[in-house]
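Worksheet: the structure to be examined is printed underneath.
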Amino acid sequence: MRTKTSGRGKSGNPAARRYDAVKKATLADWIDGSRVRTLPLSISPVIVGTGAAIVASEPGVYHPVRALLCLIVSVALQIGVNFANDYSDGIRGTDDNRVGPQRLVGSGKASAKSVLTVALVFFGIAAVAGLVLTVVSGLWWLLIVGAAALVAAWFYTGGKRPYGYNALGEVFVFVFFGLVATLGTTFVQVYQLNQEAWFGAIAVGFMATAALVVNNLRDIEQDRMSGKRTLSVLIGATATRVLYIVLMLVPFVIAGVLALFYPAAWFAMFVLLAALPACIITATARTPRELILVLKLTGVAQLFYAIALFVAFWLYSGGQ
């Protein structure tokens, strides 16, 4: 059993709570805490950005080390954000009425300090990989971009006035897991940005944003009770459902445009086998469990969409 005592939270919220006794989390709990199903949000932009870089490179020229470093930065940052979110929401008590998968701090399975430590470790991994990438590429301004990403990651739900609590979470996801991750991956490899990178960045950014939108739709009532003003809380459930559908379907319009120049991009349309059911369920869902399924389908759709674009770009470049 766990007991709570009142006290001032580490993020400056007087209503925050801590647990005097916590259950020991298992390895499976920590893996769940990393939110594996959300990792396509960080993997997909690197895949698309690398594909765009291949188009811009000479035939047969690749930059696997830089691409791998981009992947490490993106994934480590994503996992760090997930644990930081777990920590911040947990000490505020936001997760007390949670209807989705239980969080480590909110469920009492791990102490806030241990979750914060793990979050900082992954932020550190992202920072080290980013530093190596900066040295390898010679682009010293990447340090500024990296610092901005780390600050944005922490203040998403951390600090006294987290912007994720004020309807700006979707902006963060689109900018950093869409534009920055995709365009950055392309630029560090070929020192230029082509239209393939821009189209791809917008497409995967929309899908990443859709994942957050459906997550917030699932938690809309609990967030409203907790005082968390997400975009879904502000615009309501109906508008949120429409927004999700738009964000999920626009990327296929983009794929259609790209297919005019890269015929293999038509294979991205097969991803509609996951995207359309996700849209239908979102439009008709009445229970949180249904929306949890949508979140999984969104991740699968984004990952295979990214792979389809990568293959299309690679084949156009001769597949060498």
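The values are calculated or read from the model by the stated rules, or taken from the named source; none is laboratory data. What you see is a predicted model; the values in this text were computed from it and never measured. Heads up, the Cβs are rebuilt from the backbone with ideal geometry, glycines too, and the neighbour counts pull from every protein chain shown. Just so you know, the surface numbers come from the protein's heavy atoms only, side chains and all, with ligands and any DNA or RNA stripped out. Shrake-Rupley method; radii C 1.70, N 1.55, O 1.52, S 1.80 Å.
Looking at the P(r) of the chain, how many percent of alpha-carbon pairs lie beyond 30 Å?
Details: 17532 of 51040 pairs.
Pairs farther apart than 30 Å: 34 percent.
About its Cα centre, what dipole magnitude does the chain give when the only charges are +1 on Lys and Arg Cβ and -1 on Asp and Glu Cβ, stated in debye to the nearest 20?
Using Cβ point charges on Lys, Arg, Asp and Glu, the chain gives about 1320 debye.
Could you work out how far apart the two model spin labels at A28 and L315 are, taking each label as a point 7 Å from the Cα in the direction of the beta carbon, and quote it in nm?
Rounded to a tenth, the inter-label distance reads 4.1 nm.
Compare G236, G49, G200 in a GNM of the chain, Cα atoms joined below 10 Å, and give the one with the largest fluctuation.
Looking only at G236, G49, G200, the largest GNM fluctuation is found for G236.
Quick one: length gained pulling A283 to L139 fully straight, 0.36 nm per residue minus the C-alpha distance?
On the way: separation 144, 0.36 × 144 = 51.84 nm, distance 4.47 nm.
Working it through step by step, the gained length comes to 47.4 nm.
Over the alpha-carbon set of the range 111-176, divide Rg by the Kirkwood Rh and report the Rg/Rh ratio to two decimals. Provide the component values of the computation, followed by the final result.
Numbers: Rg = 13.6 Å, Rh = 13.1 Å.
That ratio is 1.04, to two decimals.
What do you get for chymotrypsin sites (Phe, Trp or Tyr not before Pro) in the range 113-180 restricted to DSSP loop and a cutoff of at most 12 other Cβ within 10 Å of the site's Cβ?
W140, W141
Comparing D223, D86, D32, which has the greatest mean-square fluctuation in the GNM of the chain with Cα pairs linked when under 10 Å apart?
Most flexible of the set in this elastic network: D32.
Probe 1.4 Å, all protein chains in place: accessible area of V175 in Å², nearest 10?
Roughly 50 Å² of V175 is accessible to a 1.4 Å probe.
Let me make sure I get this right: for the range 42-180, a, b and c are the square roots of the gyration tensor eigenvalues over alpha carbons, sorted descending. Under 1.5 in a/c it's rounded, otherwise prolate if a/b > b/c, else oblate. Which is it?
Values: a/c = 2.30, a/b = 2.13, b/c = 1.08.
It comes out prolate by the Cα gyration axes.
For L276, L69, give the ranking by accessible area with the largest first, probe 1.4 Å. Walk me through the numbers before you get to the answer.
On the way: L276 80, L69 20 Å².
Putting L276, L69 in descending order of accessible area: L276, L69.
Provide, for the chain, the number of lysine pairs with alpha carbons under 25 Å apart, each pair being eight or more places apart or on different chains.
Close lysine pairs found across the chain: 23.
With the cut-off at 1.5 for a/c, could you classify the range 28-83 from its C-alpha gyration tensor as rounded, prolate or oblate? Provide the component values of the computation, followed by the final result.
Numbers: a/c = 3.72, a/b = 2.97, b/c = 1.26.
The shape class here is prolate.
So if I take the centroid of the Cα atoms in the range 260-287 and the same for the range 133-147, what is the distance between those two points in Å?
Centre-to-centre distance over Cα atoms comes out at 36 Å.
Mind giving me the FRET efficiency for L273 and K160? R0 is 56 Å, r the Cβ-Cβ distance, nearest 0.05 is fine.
0.80
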